[in-house]
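Visitor: My questions all concern the structure below.
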Amino acid sequence: MFATLFTLAMMAAPYGHQASAQNTKCPVLGTAVTGKSQVVTVHGHAYRVCCSDCAGKLEKHPGAYLKKDGTPKNAGKPVQKGSMASMPGMRP
């Protein structure tokens, strides 16, 4: 049983560890994300997303949201208005 669990763990993280997500906004919607946000791994890179819908979109169509080097296409753009980060006193 241990061997099976070990094998599954190695398949989930083929390089022995998973990089932590560094983005501060959802690559799909551009809304703010925090350290508690869901993390999705695409092509070996981890990204925080604002919701499960965005997680599915990023996993199914990464080219629509990520540059070839893995950088989110919306990196460098301001956080979308209406997100928690744009509200006074609600910075992540």
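The values are calculated or read from the model by the stated rules, or taken from the named source; none is laboratory data. Keep in mind that this is a model prediction, so the values were computed, not measured. Methodologically, a virtual Cβ is constructed for each residue, glycine included, from the backbone with ideal geometry; neighbour enumeration extends over all protein chains shown.
Visitor: Report, ordered by the first and then the second residue, all pairs with beta carbons closer than 7 Å, sequence separation of six or more or different chains, a first member in region 20-35 that is on the phi > 0 side of the Ramachandran plot, and a second member that is modelled with pLDDT under 95 and surrounded by fewer than 18 Cβ atoms within 10 Å (Cβ to Cβ).
Guide: These pairs meet every condition: 30/77; 30/80.
Visitor: Then there's this: Could you tell me whether residue 69 is of a type in the set (D, E, K, R) and modelled with pLDDT of 95 or more?
Guide: Answer is no for this residue.
Visitor: If you don't mind, there's one more thing I want to ask. Looking at region 35-56, which of the residues that are farther than 13 Å from residue 72 by Cα and among the charged types (D, E, K, R) is surrounded by the fewest Cβ atoms within 10 Å (Cβ to Cβ)?
Guide: Looking at the filtered set, the residue picked out is 36.
Visitor: Could I ask something else about it? Checking residue 73 against (1) charged (D, E, K, R); (2) exposed (fewer than 11 other Cβ atoms within 10 Å of the Cβ); (3) in contact (Cβ under 8 Å) with a residue 40 or more places away in the chain: exactly one of these is not met. Which one?
Guide: (2)
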